[in-house]
Amino acid sequence: MHNDQQLPEPLCSPTERRSSQRYPLGLIAQTASTAYRALDVSEGGLCLETAGIIPKIGQTISVTFDLPTGAALELCGEVRWHRTTGAGKFGLEFGKKLSRGALAALIAASTLVAPSLAEASASKVPTFDPHATINLDHYNGSERPDERQVMAAFETRNGRIDACVAKARGAKRKLDGDAEISILLNPAGHSPKGVNARVPRGMSKGKTLKQCLRQAVASADYPSYNGPPIVVEFEFEIDPGFYDEQG
């Protein structure tokens, strides 16, 4: 039950386009059946990210934010663009200018929520025994997760992975070697049951980097499926895009 805090009515008449300052968010926007990650907001619209099906251009959808105050903020608009390659993203245009009060409520909520995601200890993300036997008798289905959806969910964390690498690199010119990430998927979807990470031995700040990578990867919205927990593995070069501009 939400409290009686006054918030704007849903905006459900997408008729105008506006260019205005965008503010980064780290919030979950929900419909009746789907959860999206809101990346940024302006007075005119939202940029949303999903590992699932992207709404069609021209479709009108309503999303709800559950704010830390206990209130719910519902916004409605039209899908004006989408990107289907890599991490699925789309832009939702409001029908009228978002009020300053609603904009301030979202920014304030992101200020409260986002740091807790970024700064949470990796100890809160469980590891798992990769050699443990999974008892299939506890599960009714034998379905495997959709590999493309798993990959898309993982790729939404690329920005956070890059931030982990930049922090670990510090004043160094490059971090050499590969990282290995193992994820124990949860059939219910969303957060995984566990994440393991490996980086080259002897790497300075290697422990900190592993913790950061585990936290970054665990925050993705993985797909649900009707089957047992499945381990998926990713291996990638830790620092592929760094180069010496003076070279």
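The values are calculated or read from the model by the stated rules, or taken from the named source; none is laboratory data. Because the structure is a prediction, the values reported are computed rather than measured. Backbone-built Cβ (ideal geometry, glycine too); neighbour counts: all protein chains shown.
Taking the criterion of being modelled with pLDDT of 90 or more and farther than 15 Å from Gly177 by Cβ, the residues of the stretch 195-213 that qualify are Val195, Asn196.
Checking each residue in the stretch 150-185 for being among the polar types (S, T, N, Q) and under 12 Å from Ala220 (Cα atoms) picks out Thr156, Asn158.
Which residue, of Pro187, Pro229, Pro200, is touching a strand residue (DSSP E or B) at 6+ places or on another chain (Cβ under 7 Å), part of a loop (DSSP other than H, G, I, E, B), closer than 26 Å to His131 by Cα and not assigned by TED's automatic domain parsing to the domain that holds Ala51? None of the other options fit; the residue is Pro229.
When Glu245 is tested against the conditions (1) at pLDDT 90 or above; (2) within 26 Å of Lys172 (Cβ to Cβ), the lone failure is (1). Among residues of the stretch 225-237 that are within 19 Å of Glu143 (Cβ to Cβ), those with a beta-carbon under 6 Å from a residue that is at pLDDT 90 or above and assigned to a strand (DSSP E or B) at least six positions away or on a different chain give the pairs Pro229/Leu184; Val231/Ser182; Val231/Leu184; Val232/Ile183. When Arg148 is tested against (1) outside any loop (DSSP other than H, G, I, E, B); (2) surrounded by 15 or more Cβ atoms within 10 Å (Cβ to Cβ), just one condition goes unmet, and that condition is (2). Of note, Ala153 does not satisfy the criterion of being outside any loop (DSSP other than H, G, I, E, B), modelled with pLDDT under 85 and not assigned by TED's automatic domain parsing to the domain that holds Thr84. Would you point out the residue of the stretch 45-75, among those that are part of a loop (DSSP other than H, G, I, E, B) and in contact with a Gly (Cβ under 9 Å, 6 or more places away or on another chain), that is surrounded by the fewest Cβ atoms within 10 Å (Cβ to Cβ)? Among those that are part of a loop (DSSP other than H, G, I, E, B) and in contact with a Gly (Cβ under 9 Å, 6 or more places away or on another chain), it is Ile53.
Might you check whether a residue that is in the same structural domain as His131 (by TED's automatic domain parsing), exposed (fewer than 14 other Cβ atoms within 10 Å of the Cβ) and either in contact with a Leu (Cβ under 8 Å, 6 or more places away or on another chain) or assigned to a helix (DSSP H, G or I) (or both) occurs anywhere in the stretch 210-221? Reasoning before the result, please.
Keep residues of the stretch 210-221 that are in the same structural domain as His131 (by TED's automatic domain parsing), which gives 210-221.
The next check asks that each one be exposed (fewer than 14 other Cβ atoms within 10 Å of the Cβ); those that pass are none.
No, the stretch 210-221 contains no residue that is in the same structural domain as His131 (by TED's automatic domain parsing), exposed (fewer than 14 other Cβ atoms within 10 Å of the Cβ) and either in contact with a Leu (Cβ under 8 Å, 6 or more places away or on another chain) or assigned to a helix (DSSP H, G or I) (or both).
Restricting to the stretch 124-145, and then to whatever is assigned to a helix (DSSP H, G or I) and within 18 Å of Pro192 (Cβ to Cβ), can you tell me which residue is modelled with the highest pLDDT? Spell out how you get there, then give the answer.
Initial filter on the stretch 124-145 (assigned to a helix (DSSP H, G or I)): 124, 136-138.
Retained after the next criterion (residues that are within 18 Å of Pro192 (Cβ to Cβ)): 124, 138.
Values: Lys124: 60, His138: 51.
Within the stretch 124-145, the match that is modelled with the highest pLDDT is Lys124.
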